[in-house]
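Notes for the one structure printed next.
The values are calculated or read from the model by the stated rules, or taken from the named source; none is laboratory data. This one's a predicted model, so the numbers in the text were calculated from it and none came from an experiment. Cβ placement follows ideal geometry from the backbone for every residue including glycine, while neighbour counts extend to all protein chains displayed.
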Amino acid sequence: MQSQTIEREVRTYVYDLMNEAKEHGFKSEDQWTLNLVTEEEGIKIKRDYYPVVANKVSPDVLLQVFQSVKSELHQSLSKEELLMDTRSILNSDLNYIIAFNQKRHR
């Protein structure tokens with residue numbers, strides 16, 4: 001059951017990313033920056049960048065969803081991301097997966 005939840009979250013999120021990219025005229029070299037953030041960090045990113053695609057995800061599946069979305073976008077995980085686990089996500093109060101393009105400031 002959990003794997004279906006993860007798969008659905010990933011499919012929906014990637015679909016939203018592709019729609020936003022198309023709607024906002026992303027070029028082939030434009031790339032989403034994908035992060036796991038707290039609610040406060042998400043608010044700051046939304047204030048600084050546009051477009052932003054954010055999704056609140058249950059902490060118990062957040063890491064798997066994040067890793068799967070990175071994989072779908074053909075992005076490798078950083079050293080810090082490889083060291084993350086569910087406990088570190090809970091301890092850091094991370095509850096959002098957020099994507100933005102660093103070139104597109106508000």
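Just a few scattered comments:
- Residues in the range 7-38 that are under 13 Å from the mean Cα position of the chain (by Cα), farther than 16 Å from residue 73 by Cβ and either assigned to a helix (DSSP H, G or I) or free of Cβ contacts under 8 Å to residues at least 40 places away in the same chain (or both): none.
- Pick from the range 39-60, criterion in a strand (DSSP E or B) and touching a helix residue (DSSP H, G or I) at 6+ places or on another chain (Cβ under 6 Å), ranking: nearest to residue 10 (Cα to Cα): 55
- Restricted to the range 69-106, and to residues there that are among the small types (Gly, Ala, Ser) and part of a loop (DSSP other than H, G, I, E, B), the residue that is nearest to residue 30 (Cα to Cα) is 76.
- Some residue of the range 28-43 being of a type in the set (Ser, Thr, Tyr) and modelled with pLDDT of 90 or more: yes
- Where a residue in the range 87-105 is in contact (Cβ under 8 Å) with a residue 24 or more places away in the chain and within 10 Å of residue 66 (Cβ to Cβ) and its partner, wherever it lies, is hydroxyl-bearing (Ser, Thr, Tyr) and outside any strand (DSSP E or B), with Cβ under 7 Å and at least six apart: 94/38; 97/13
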